[in-house]
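Q: The following block contains the structure, expressed as structure tokens.
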């Protein structure tokens with residue numbers, strides 16, 4: 001899947017204020033802002049995902065990564081990668097043993113694989129671009145939530161900062 005990058009322009013004052021704050025406080029604010037901004041897009045994915053069994057819609061998450069050297073971060077929103085669809089209603093798989101006796105689970109398919117097939121289609125199935133649609137619907141709300149959260153972080157840090165010598 002292609003990564004989607006959103007660049008916010010025209011917020012130079014906000015960036016400057018974040019750079020003047022302590023790194024720990026600024027990174028905590030960026031993490032909170034990305035988490036709040038990711039929520040409408042994740043909710044859109046859950047809503048727009050095909051609900052044949054409902055298993056896919058239950059397995060979306062958001063991972064936040066904050067840059068170490070500079071004030072930057074990323075929010076990765078999508079299907080959980082290490083969760084498999086159960087083959088049977090009980091969640092069991094068939095166990096097949098090879099010639100050496102090593103057991104292998106047969107019938108496994110990851111949630112991320114199913115989401116990719118649905119999003120981009122296959123040779124035998126048309127695409128149902130629900131993740132792209134969720135991003136397009138929620139991107140303006142996400143940007144507003146990120147901007148408001150960062151502004152609140154700067155305002156809160158400014159209120160808590162010492163104001164100079166007491167006269």
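Q: Here is a list of conditions, (1) farther than 19 Å from residue 47 by Cβ; (2) in contact (Cβ under 8 Å) with a residue 12 or more places away in the chain; (3) not in a helix (DSSP H, G or I), and residue 128 meets all of them except one; can you say which number that is?
A: With (1) farther than 19 Å from residue 47 by Cβ; (2) in contact (Cβ under 8 Å) with a residue 12 or more places away in the chain; (3) not in a helix (DSSP H, G or I) applied to residue 128, the lone miss is (1).
Q: Would you check if residue 105 is outside any loop (DSSP other than H, G, I, E, B), at pLDDT below 90 and more than 23 Å from residue 39 (Cβ to Cβ)?
A: Taking the combined requirement at face value, the residue satisfies it.
Q: Let me ask something else about it. Are any of the residues in segment 54-72 part of a helix (DSSP H, G or I), at pLDDT 90 or above, surrounded by 16 or more Cβ atoms within 10 Å (Cβ to Cβ) and under 18 Å from the mean Cα position of the chain (by Cα)?
A: Checked segment 54-72: no residue is part of a helix (DSSP H, G or I), at pLDDT 90 or above, surrounded by 16 or more Cβ atoms within 10 Å (Cβ to Cβ) and under 18 Å from the mean Cα position of the chain (by Cα).
Q: May I ask you to list the residues in segment 73-87 that are in contact with a helix residue (DSSP H, G or I) (Cβ under 7 Å, 6 or more places away or on another chain) and not in a strand (DSSP E or B)?
A: Of everything in segment 73-87, those that are in contact with a helix residue (DSSP H, G or I) (Cβ under 7 Å, 6 or more places away or on another chain) and not in a strand (DSSP E or B) turn out to be 80, 81, 83, 85.
The values are calculated or read from the model by the stated rules, or taken from the named source; none is laboratory data. Just so we're clear, the structure is a prediction, and the values are computed from it rather than from any experiment. Virtual Cβ from ideal backbone geometry, glycine too; neighbours counted across all protein chains shown.
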